[in-house]
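Reading through the structure tokens given below for one structure.
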Amino acid sequence: MRITLKNRNCVLMEDFPKNPLELLDILERLHQTGNRMVNFEFYCYYEKVTLPPELTEWEFRADIFTLNVFTERLIDMTPTERAVYQAVLQKNPVLRFEDALQMTFGLESVPVVKSSCFSKLGKFFLENEMLSEVQDCPDEFLKLLDMAKLGRLMTERNNGVFIGDYYCEPETYEKPDIQIEISDPKPCVFRLLLTPDADRPELAGWIFLPCDNAVLENKVCLKHQSSLPNLLISRRPKQEELNRTAELLTGLNPQEFVKLKAVMKATEVRNIAGVFDCFSHLSEYDFDSAPQNKSEYGMLFLKKVLPPDFCESFKGADLTDFGDEILRHKHNRMMSYGALISEILEHNADQIATKENYVGYLAKRMHR
């Protein structure tokens, strides 16, 4: 399920559901590390799972882990459950996103029939002796009854609705009184689903790396998850190698860890050997997670070298080209995580881009 997530000038389009480590990576790329509340919209085009219109016309705000649970529940629904869910949403307004999630529970309280028209519905009610008015009617007269009228009568009586190929009676729905709370995921570099016997997956459990190597002995990995982006890990990974990598990276503080991911993405690292190489050269880079795009980077750079009054006049201006020019001049990159700087910018007389050049460049941009 595709979802558009927003944070000021940062916009990401992601397929859900995700594993917990991928959700944390999204928060970092949204520039809101430590803040799980996200603004989002459902992308309703070309979706395999048709979303109810009540969910496709609004921008919501919710915990990203709550959003993930919702997508898991919606994708796992049968066609019948999905029809009932849409009917329930039609009868119960969604005032906040948590309402939409809560209504994925308790759907079994709603009567539902595989029927797409009044005549088929009327026949169903008649065959199942659900019409008290005709229970004593002789069989020869039952054949003369208008099935469509019977179906319409029962629909109006029970306030039923047709959703695709299903008839539902959503007014019988009872919203369960449940509270969904999701704790912060345990910090780790990798997660491995390990079992002592490949033929017995029911014995498997998640192991968080780094861990004691003894825990990994004589275990088979059924599934793995990584907090490092785009890392290629084989179906039967070298568990000790992953553990050594995790032990190495746990010494990084959160800002350095995000910088490592930015370096990996910039240098297109896809394997463990590349991770070690990036780690060994991490001190050669500077990293600023504040700017979300080149325009913001340009403004932050101006604030370092020009008087505040001068910078104020460019508040709200699009400095994308300017930010791009500064980045290219210094051989730097604007990554989704922030600005990756391979040469720390210092304002001095020897630089090609001097204060006078900044003023002249901006003046030209203002008069275009």
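List the lysines whose alpha-carbon lies under 16 Å from that of K114, not counting same-chain residues fewer than 8 positions away?
Leaving aside lysines fewer than 8 places away in the same chain, those within reach of K114 are K123.
Which trypsin sites (Lys or Arg not before Pro) does segment 1-56 hold that lie in a coil by DSSP with at most 11 other beta carbons within 10 Å?
Those satisfying the criteria are K48.
Return the single residue from L194, L24, L95 with maximal mean-square fluctuation; model: Gaussian network over the chain, springs between Cα atoms under 10 Å.
Sorting by GNM fluctuation, first place goes to L95.
Which is farthest toward the positive dipole end of the chain among V69, S116, L30, measuring Cα position about the Cα centre, with Cβ charges +1 (Lys, Arg) and -1 (Asp, Glu)?
Among V69, S116, L30, the one farthest towards the positive end of the dipole of the chain is L30.
Does anyone have the angle between helix 320-329 and the longest principal axis of the chain? Alpha-carbon axes, 0 to 90°, nearest 10?
Taking the Cα atoms of the chain, the angle to 320-329 is about 50 degrees.
Tell me the trypsin sites (Lys or Arg not before Pro) within segment 252-324 that lie in a loop according to DSSP and have at most 15 other beta-carbon atoms within 10 Å.
R270, K315
Divide by every residue of the chain the summed helix terms, -39500 (n - 2.57) for each DSSP H run of at least 4, and state the resulting mean residue ellipticity at 222 nm, rounded to the nearest 500 deg cm²/dmol.
After summing the helix terms and dividing by residue count, I get -11500 deg cm²/dmol.
Within straight cross-link reach of K120, meaning Cα distance under 19 Å, which lysines are found once same-chain residues fewer than 8 apart are removed?
Qualifying lysines at Cα under 19 Å: K143, K149.
At a 10 angstrom cut-off on C-beta neighbours, averaged per residue, how do the peptides 160-168, 210-218, 69-77 rank from highest to lowest?
160-168, 69-77, 210-218
Between rounded, prolate and oblate, where does segment 230-290 land on the alpha carbon gyration tensor, with a ≥ b ≥ c its root eigenvalues, rounded for a/c under 1.5, else prolate if a/b exceeds b/c?
prolate
Roughly what angle does helix 294-305 make with the longest principal axis of the chain, taking Cα atoms, 0 to 90 degrees, to the nearest 10?
Helix 294-305 sits at roughly 30 degrees to that axis.
Can you bin segment 1-86 into rounded, prolate or oblate? Criterion: square roots of the alpha carbon gyration tensor eigenvalues sorted a ≥ b ≥ c, rounded for a/c under 1.5, prolate for a/b above b/c, oblate for the rest.
Cα axes put segment 1-86 in the prolate bin.
So which lysines can K175 reach, going by Cα to Cα under 21 Å and dropping same-chain residues fewer than 8 places off?
List returned: K91.
Quick one: angle between helix 118-127 and the longest Cα principal axis of the chain, in degrees between 0 and 90, rounded to 10, please.
Taking the Cα atoms of the chain, the angle to 118-127 is about 60 degrees.
Starting from the exponent 0.38 and prefactor 2.2 Å, build the expected Rg for segment 282-348 from its residue count and divide its actual Cα Rg by it.
After normalising by residue count via 2.2 N^0.38 Å, the value is 1.07.
No value in this document is a laboratory result; all are computed from the given coordinates. Here the structure is a predicted model, which means the values were calculated and not measured. No Cβ is skipped: glycine too gets one built from the backbone with ideal geometry, and neighbour counts run over all protein chains shown.
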